[in-house]
Ligand SMILES: [Fe+2]
Ligand SMILES: [Fe+2]
């Protein structure tokens, strides 16, 4: 309740006194609730938000001092001002009232001017206390919002809409009685491809709702300077320029506006409308702070995602460079990345592993940069010396990729993708689980794709023939070469291998 329209609880066992106070207070716009006993008064206090209590001392049952003590001893009620109604002469009562925690006294018989003056002063104090409590709650909320934002920050999965929803949830009014919050919020966020629409937020039956809104506050948000402003009713009529435009657009949307806080920015606009009390610089700062936190996270997420894109681009460039001197096998490197991701996923490895192997498998043959193209492209049989050269490429690859933590899997794959489960591979003749998982996955992926394509020593095979060779063996390629679990995944999902090949051939 605002100062000019407070809900006042008048407690007196004599109805005439309540009637008298009612006449004085209601004439000034206050809502008066009468209670004939201490018990009834306490019931009202727990049932409704009360702004002020005028409390008679002598009542049957629980007397005024006890009611006052209970109010002041209750965490949820103690900020409600209590005025004890005492007889002018009752000094003892006033002392006892002080001890019970009363905020002020009124003497019977009532003096109308005095009653109104006390009420006005105490309601003002109550309003300031409410604001202080509200600000404290807002600050607590903002702190926990910031903490949550940081704790759940996944830059590569940053979802601006989700963060805006959460931000609005922090600001908007959840219950009708929280006056220091806006009833409605309108938010515009530009997505990567330009403008997204406006959304209107409201709390309906305790749930935050978001609905798209046809609203064009500014013809071009890229022209907008970052700024925050707030306005209450009398100033709304005098708004100028950009602010006026903003207000007109809001009015066109057809809901009454009694006050607003508006954050206008290039990538985000937030308009908080209809707080239950006058808006102040504090409300503007609270919104600015939350928007700034959200935009800060967005900016970090954008930068990290840009760096990640650059990393992926470099990996592709290096992979393309490595096959420049190799046989023309189309999209071999892209396909093996997809086969590896497929196998890793089916093996139940983590999403992170799957995404790393999809990218880093591309560099499995990077060591071939060191092998002479005449050997790589030689039609027919290789000499022993040439074959020995080829068998060096895993070692060269591991050396090129080095020991950077971001390239650990790539280096593992480069070094171990020609090792065989039965120990017959190269360069280190590792066997079984001595071979890193990624290397075992890559070995089968590479084999499938090599068999599907023409190589200088063989024609291309169709899908069925290739599956036959891998699953049954042909003397040169044998099922014992592969990790049995990887082979089992292959057997179960052969059609998906074919689909990847068909999609990325060329
Ligand atoms: Fe290789
Ligand atoms: Fe390969």
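Computed from the coordinates by the stated procedures, all read-outs in this text should not be read as laboratory data. Fair warning: this is a prediction, and the values are worked out from it, not measured in the lab. FYI the Cβ positions are ideal-geometry reconstructions off the backbone, even for glycines, and counts take in every protein chain you see.
Odds and ends about this structure:
- Principal-axis tilt of helix 437-452 within the chain, Cα atoms, nearest 10 degrees: 50 degrees
- Using alpha-carbon coordinates, inclination of helix 112-151 to the longest axis of the chain, degrees: 10 degrees
- Share antiparallel - DSSP beta bridges, the chain, percent rounded to 5: 65 percent
- Of the residues 10, 456, 231, the one with the fewest other Cβ atoms within 10 Å heads the list, and the complete ranking is 456, 231, 10.
- Relative contact order (%) - the stretch 409-506, alpha-carbon pairs under 8 angstrom, separation at least six: 22 percent
- For the pair the stretch 99-136 / the stretch 446-499, the C-alpha centres are spaced 86 Å from each other.
- Spatial separation of Cα centroids for the stretch 250-304 and the stretch 356-376, in angstrom: 52 Å
- Only helices enter the 222 nm calculation for the chain: every DSSP H run of n ≥ 4 contributes -39,500 (n - 2.57), and dividing by all residues gives -16000 deg cm²/dmol, rounded to 500.
- For the stretch 34-151, the relative contact order works out to 21 percent when only alpha carbon pairs closer than 8 Å and six or more residues apart are counted.
- Helix 91-100 axis, angle to the chain major axis (alpha carbon atoms, nearest 10°): 10 degrees
- For the chain, the ratio of Cα radius of gyration to the globular rule of thumb 2.2 N^0.38 Å stands at 1.61.
- By DSSP, the beta bridges lying fully in the stretch 7-131 are antiparallel in about 0 percent of cases.
- In percent, rounded to a whole number, the relative contact order of the chain is 8, using alpha-carbon pairs under 8 Å and six or more apart.
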